[in-house]
1. Checking the structure you have, find out if any residue of the stretch 421-428 is within 16 Å of the ligand (Cβ to nearest atom), open to solvent by 20 Å² or more (accessible area, probe 1.4 Å), in contact with a helix residue (DSSP H, G or I) (Cβ under 6 Å, 6 or more places away or on another chain) and under 26 Å from ALA390 (Cα atoms).
2. Would you point out which residue out of ASP520, ASP553 is more than 18 Å from PHE582 (Cβ to Cβ) and acidic (Asp, Glu)?
3. Kindly provide the set of residues from the stretch 713-745 that are under 21 Å from SER683 (Cβ atoms) and under 29 Å from the mean Cα position of the chain (by Cα), ordered by number.
4. If you go through the stretch 395-410 one residue at a time, do you hit one that is touching a helix residue (DSSP H, G or I) at 6+ places or on another chain (Cβ under 9 Å) and within 16 Å of the ligand (Cβ to nearest atom)?
5. In the stretch 621-654, what count of residues is obtained for those that are assigned to a helix (DSSP H, G or I), among the small types (Gly, Ala, Ser) and in contact with a helix residue (DSSP H, G or I) (Cβ under 6 Å, 6 or more places away or on another chain)?
6. Failed condition for PHE566, given (1) open to solvent by less than 20 Å² (accessible area, probe 1.4 Å); (2) within 16 Å of the ligand (Cβ to nearest atom); (3) of a type outside the set (Asp, Glu); (4) more than 18 Å from PRO370 (Cβ to Cβ), with all others met?
7. Taking the stretch 576-588 on its own, how many of its residues are buried (at least 23 other Cβ atoms within 10 Å of the Cβ) and among the polar types (S, T, N, Q)?
8. Report yes if some residue within the stretch 77-95 is in contact with a Pro (Cβ under 7 Å, 6 or more places away or on another chain) and either in contact (Cβ under 8 Å) with a residue 24 or more places away in the chain or open to solvent by 10 Å² or more (accessible area, probe 1.4 Å) (or both); otherwise report no.
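The values are calculated or read from the model by the stated rules, or taken from the named source; none is laboratory data. The structure presented is a predicted model; accordingly, all values stated were derived computationally and were not measured. Reconstructed Cβ throughout: ideal geometry from the backbone, glycine too, with neighbour counts over all protein chains shown. What goes into the accessible areas is simple: the full protein's heavy atoms, side chains included, and nothing from ligands, DNA or RNA. Shrake-Rupley method; radii C 1.70, N 1.55, O 1.52, S 1.80 Å.
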Amino acid sequence: MNPLSRRLAELAAILLAAPGVAPPAARAAGAEPPAADLKLWYRQPAKNCMTEALPLGNGCLGAMVFGGVPDERIQLNEDSLWTGDENPSGNYKTMGGYQTLGNVYVRIPSHDAATDYRRELDIGEGIARVRYRSGGTAFQRECFVSHPDQVLVTRFAADKPGGYTGTIELADARKTAVQAEGNSATLSGALANGLKYEAQLRVLHAGGQLSVAGGRIEFKACNGLTLVLAAGTDYAMDSTKGWRGEPPHAKVNRQLEAACAKPYDALKLAHVRDHQSLFHRVHLELGPPSAERLALPTDERLKAYSGGGADPGLEALFFQFGRYLLIACSRPGSLPANLQGLWNDRNNPPWHSDYHTNINVQMNYWPAEPTHLSECHEPLLALIRSQLGAWRKATATDREFRSADRKVRGWTVRTSHNIFGGQGWKWNKPASAWYCQHLWEHYAFGGDKEYLKTVAYPILKEVCGFWEDQLKALPDGRLVVANGWSPEHGPTEDGVSYDQQIVWDLFTNTIAAADALGTDDAYRRRLASLRGKLAGPQIGKWGQLQEWLTDRDDPKDRHRHVSHMFALYPGRQISPVTTPPFAAAARVSLVARGSGGDVGWSNAWKTALWARLLDPKLAYGYYNRLVARNAFPNFFNACWPGRVFQIDGNFGATAGVAEMLLQSHTGEVHLLPALPAAWATGSATGLRARGGFEVGMAWRGGKVVGATLRSTLGGPCRLRYGKATAELATKPGGTYQLDGSLKKR
Ligand code: FUC
């Protein structure tokens, strides 16, 4: 077999081993990709939590590991630790926000003169490690947060006995007293809104002794230590229970006891298997790894990258890091990723570390479906459903939507919200329609009809009802959203493009849902007629796509929000294939917004937008800019270079790369729609397309040399590669090998 055929055979094997086909164990082992560049590593401990420490998480419990030698610090988060309440007034200031839980400090004073230090995060395993030598002994630490066992586990090991003497402290971020007894420490308290929280730490030691003094656990001459921590609150994602469930103590205690009864290796194996069952679904290579760049610690490698010079390995690692983060902060049963994901070290975080509905939280979920992490999308969908009662009430009683002659149908949301039905700042009128896009896309990729029928479709219909009542007719008969605002930009007025495009998207998705379910024919036709009357995209006097109904766009405007591009991405109203003139106008507007973008999430959005415009050079340019300028040493995205961490840019960047490699929003599975020259040779497996397709591809010299398509649902698949198109009849579970002309091999 020549090397290329071998690579294709490997790709097919990886794809065939994807979840849903093989049992979990075989999946983890079978899906293991060839050696890849999946580690972030450093030669010094972290000093700053949000920019240097390394993130771990299982959806609910988050940790930032510093890796200090005589002073280890593990900063802790629990995803439901929020202040605030239902907040009927919609006052932003009283809406509350996300809090930090506390810290575990481990002090080992005798380890002060360390050599051969290395700190790493293995995103392929979900494990943070520290290695060093001190006094002739080699010390190692491993830390992970397990989803199957719901605990944080840290092991301190050494190649010689008796090397560990020091103290362990569990500290509450609100400075509440911590109880330490025997080999355990417990912190518990309540926030101002009455939310109860608790964390329990257990220390298991090999050799030596443990004792308690001054609220700390002291260890003396131990060979090794294992720390196990569980945490929780009494939050319940249920308004009928007043957002409160059982006090956290019993559950936290049960989780801790169960985990402590298992050997370390069993905990670790279960964690790695679980992590890899998601992570290894997608493999990506964007070019030959450079041995020279690989030899650099990640912070120096990032500096070298920012200074110029190619590093496709780093670019692929940054893509995978976004997937890693989503797995770590958004799992079924957890809350969705907030502005900082799950990682926040302050009780007054930027923008309350809340959910922002005018780009940020949606961007967090852009990579979920295309990069094969559909389960990780579920927390957002579940939170939306849980808030409906409170959001309906707030919408129905607000004078913005109330009318003397009818009851308000449906609901929408303000620009930010919490987890208790509360919301703040201005109304973001199309927010509910944008949320509906997420409910729809979950179906569009996965094809679960039962979910569509019982969960998504009723909500889509309800939000359509809201717009059936709220749309306003202009004298010329066109329908507009009244009093809208293009996010954070320009006047409040009728027919803002952002509003119009998102309502178009809602109607289109609801029509598609009715078609898929074969239901509501008359209603479906009514929606189609309403959609036809919506004021649509307009091309203005300098050839731009208008942001407002009035042709007033300023060609010098460099605003970070590009909300009038929703129709291009994440929407599908505009595309170079289906609406070339509007795509050309979008191009003019995007060029005018300038190439000097500095906001992380804005650069990520522009990556995806240029990918949708089939422009690899500019798509790559924004991705490159984001990685080079917006990534902190720990890869967390900076909202502005060097300023606060905001996770949206990480997720948006991953989604942008996926969009460069595969698109499916116009009904075609489009291979390599925007492959830049910088990634001329590479391969990808496990990317998902709408219609239940999974795609593997290898390319060389910028050209596809082979592709593998797996169909989970069966049915016809329309393929596109450049100008070539082909239609393939597929069977459920069928796998098809294609060559570069889209012919079956
Ligand atoms: C929106 C953006 C800001 C920031 C904030 C969290 O208000 O305009 O840039 O991302 O959300």
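1. Yes; the residues of the stretch 421-428 include at least one that is within 16 Å of the ligand (Cβ to nearest atom), open to solvent by 20 Å² or more (accessible area, probe 1.4 Å), in contact with a helix residue (DSSP H, G or I) (Cβ under 6 Å, 6 or more places away or on another chain) and under 26 Å from ALA390 (Cα atoms).
2. Exactly one of ASP520, ASP553 is more than 18 Å from PHE582 (Cβ to Cβ) and acidic (Asp, Glu), namely ASP520.
3. Listed by number, the residues that qualify are CYS717, LEU719, ARG720, TYR721, THR735.
4. no
5. 4
6. (4)
7. 0
8. Looking only at the stretch 77-95, we keep the residues that are in contact with a Pro (Cβ under 7 Å, 6 or more places away or on another chain), and these are none.
Within the stretch 77-95, none of the residues are in contact with a Pro (Cβ under 7 Å, 6 or more places away or on another chain) and either in contact (Cβ under 8 Å) with a residue 24 or more places away in the chain or open to solvent by 10 Å² or more (accessible area, probe 1.4 Å) (or both).
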